[in-house]
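Enquirer: Structure in structure tokens, see below.
The values are calculated or read from the model by the stated rules, or taken from the named source; none is laboratory data. Fair warning: this is a prediction, and the values are worked out from it, not measured in the lab. Ideal geometry is used to build each Cβ from the backbone, glycine not excepted, and the neighbour counts take in all protein chains shown. Please note that ligands, DNA and RNA were not included when accessible areas were found on the heavy atoms of the full protein model with its side chains. Shrake-Rupley method; radii C 1.70, N 1.55, O 1.52, S 1.80 Å.
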Amino acid sequence: MSGVEFAAGWVSGAAGLILGHPIDTVKVRLQTQVGYRNILDCVVKTYRHETFRGFFKGMSFPLLTVAAGNSVMFGVYSNALLYLSGTPLLDRHSSPPSYLHIFTAGGMSGIAQALFLAPVDLVKVRLQNQTHVHNPKAVQPRYRGPIHCAVCILREEGLRGLFRGGMALVLRDTPTLAVYFATYTALCRGLTTEGQEPGPAAVLVAGGLAGTASWALATPMDVVKARLQMDGVKRVEYRGIMDCFLISFRREGARVFLRGLTLNSLRAFPVNAVTFLTYENLLKLLC
């Protein structure tokens, strides 16, 4: 199994994370809290009470681990595609794999990434939802940092608590990454002369649109996942994915499952455009 895809995925994942984390923080708060009227209200209140540092809560831990998760995603995808199609990485433009193979390899990468990132994503969401005022004299937050958060969850909720929302994450990422890689490949092929490698502009457009399409698909399950991950902080309210879905629908209507869609779309285009451009250029450099 080649390690080049894993290395390129790690660096490109870190670049995308830094770019998109502030928007992700606002999205998570809108999905899990009821104290904000809209996106602008959340942005203003976060900045007023926590300064710009509030938008980067929970980023230090994912900066290493989510980058590793991105490494797993690209590495598993590339090697699964090699296994399914028999086409080496350097020959994929001249002898393109079938969309069925791309879709299947993408789904396999989604399962691997979700299993790897479940505890990390949980810690990130818990830290992002801490809305304490940035003032040394104010009441200190429950979690002092990512390690302290993970230890508290393990102590209070057990090992299963670290994987709270994990199945929802698998159900979100498996179809999403299948669509993600298939869309990216289709757009690259459509924007590039047959037999040639896609240029930077084609990669940026294809990566951005693939990210937007996949997050549009992922948003409903992303809402359920985030609520399950926050469940247990004060009390356990949901018995599982379907129970969370039904309670959320009954209380807030169908529109609740589109909460965060605008922010996901705004974040997805630049983040995934940069991620794919970084990934493709690193592959050229390393291969």
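Enquirer: Confirm whether GLY232 is exposed (fewer than 13 other Cβ atoms within 10 Å of the Cβ) and on the phi > 0 side of the Ramachandran plot.
Expert: No, not satisfied.
Enquirer: OK, next. Return a yes/no flag: does segment 227-247 have any residue that is touching a Gly at 6+ places or on another chain (Cβ under 6 Å), assigned to a helix (DSSP H, G or I) and farther than 18 Å from GLY13 by Cβ. Talk me through it step by step, then tell me what you get.
Expert: To start, the set of residues in segment 227-247 that are touching a Gly at 6+ places or on another chain (Cβ under 6 Å) comprises 228-229.
Subset that is assigned to a helix (DSSP H, G or I): 228-229.
Filter once more, keeping what is farther than 18 Å from GLY13 by Cβ: 228-229.
Checked against the condition, which is being touching a Gly at 6+ places or on another chain (Cβ under 6 Å), assigned to a helix (DSSP H, G or I) and farther than 18 Å from GLY13 by Cβ, segment 227-247 yields at least one hit.
Enquirer: As an exercise: evaluate ILE102 against (1) outside any loop (DSSP other than H, G, I, E, B); (2) modelled with pLDDT under 85; (3) open to solvent by less than 30 Å² (accessible area, probe 1.4 Å) and give the number of the one condition it does not meet.
Expert: Unmet for ILE102, out of (1) outside any loop (DSSP other than H, G, I, E, B); (2) modelled with pLDDT under 85; (3) open to solvent by less than 30 Å² (accessible area, probe 1.4 Å): (2).
Enquirer: Same structure, new question: Among the residues of segment 117-168, which ones are of a type in the set (Val, Ile, Thr) and either at pLDDT below 90 or open to solvent by less than 30 Å² (accessible area, probe 1.4 Å) (or both)?
Expert: Narrowing segment 117-168 to residues of a type in the set (Val, Ile, Thr): 120, 123, 125, 131, 133, 139, 147, 151, 153.
If the condition is that a residue be of a type in the set (Val, Ile, Thr) and either at pLDDT below 90 or open to solvent by less than 30 Å² (accessible area, probe 1.4 Å) (or both), then VAL120, VAL123, VAL125, THR131, VAL133, VAL139, ILE147, ILE153 are the ones that fit.
Enquirer: Scan segment 146-169 and report the pairs whose first residue is farther than 19 Å from ALA218 by Cβ and whose second residue is assigned to a helix (DSSP H, G or I) and among the polar types (S, T, N, Q), with Cβ atoms within less than 6 Å and a gap of 6+ or a chain change.
Expert: Pairs found: none.
Enquirer: Answer yes if at least one residue in segment 222-244 is out of contact with any His (no Cβ under 7 Å at 6 or more places or on another chain), modelled with pLDDT of 90 or more and under 27 Å from HIS93 (Cα atoms), and no otherwise.
Expert: no
Enquirer: When the residues of segment 1-46 are filtered to those that are touching a helix residue (DSSP H, G or I) at 6+ places or on another chain (Cβ under 6 Å) and not in a helix (DSSP H, G or I), which remaining residue is farthest from VAL271 (Cα to Cα)?
Expert: Only one residue fits best here, namely MET1.
Enquirer: Would you be able to say whether some residue in segment 172-193 is outside any loop (DSSP other than H, G, I, E, B), in contact with a Leu (Cβ under 9 Å, 6 or more places away or on another chain), open to solvent by 70 Å² or more (accessible area, probe 1.4 Å) and of a type outside the set (Lys, Arg)?
Expert: No, segment 172-193 has no match at all.
Enquirer: Only residues that are polar (S, T, N, Q) and open to solvent by 60 Å² or more (accessible area, probe 1.4 Å): list them for segment 46-58, please.
Expert: Residues of segment 46-58 polar (S, T, N, Q): 46, 51.
Passing the criteria: none in range.
Enquirer: In segment 1-45, how many residues are small (Gly, Ala, Ser) and surrounded by fewer than 22 Cβ atoms within 10 Å (Cβ to Cβ)?
Expert: Counting residues in segment 1-45 that are small (Gly, Ala, Ser) and surrounded by fewer than 22 Cβ atoms within 10 Å (Cβ to Cβ) gives 6.
Enquirer: Considering VAL256, VAL224, VAL205, VAL271, which residue is among the β-branched types (Val, Ile, Thr), open to solvent by 50 Å² or more (accessible area, probe 1.4 Å) and touching a residue at least 24 places away in the same chain (Cβ under 8 Å)?
Expert: Within the list VAL256, VAL224, VAL205, VAL271, the selection yields VAL205.
Enquirer: Can you find a residue that is modelled with pLDDT under 90, in contact with a helix residue (DSSP H, G or I) (Cβ under 6 Å, 6 or more places away or on another chain) and outside any loop (DSSP other than H, G, I, E, B) anywhere in segment 47-54? Walk me through how you get there before you give the answer.
Expert: We begin by selecting, within segment 47-54, every residue modelled with pLDDT under 90; these are 47-54.
Within this subset, residues satisfying the condition of being in contact with a helix residue (DSSP H, G or I) (Cβ under 6 Å, 6 or more places away or on another chain) are 54.
Now restrict to residues that are outside any loop (DSSP other than H, G, I, E, B): 54.
Within segment 47-54, one or more residues are modelled with pLDDT under 90, in contact with a helix residue (DSSP H, G or I) (Cβ under 6 Å, 6 or more places away or on another chain) and outside any loop (DSSP other than H, G, I, E, B).
Enquirer: Got at least one residue in segment 232-250 being in contact with a Phe, Trp or Tyr (Cβ under 8 Å, 6 or more places away or on another chain), under 30 Å from ALA7 (Cα atoms) and not aromatic (Phe, Trp, Tyr)?
Expert: No, that holds for no residue.
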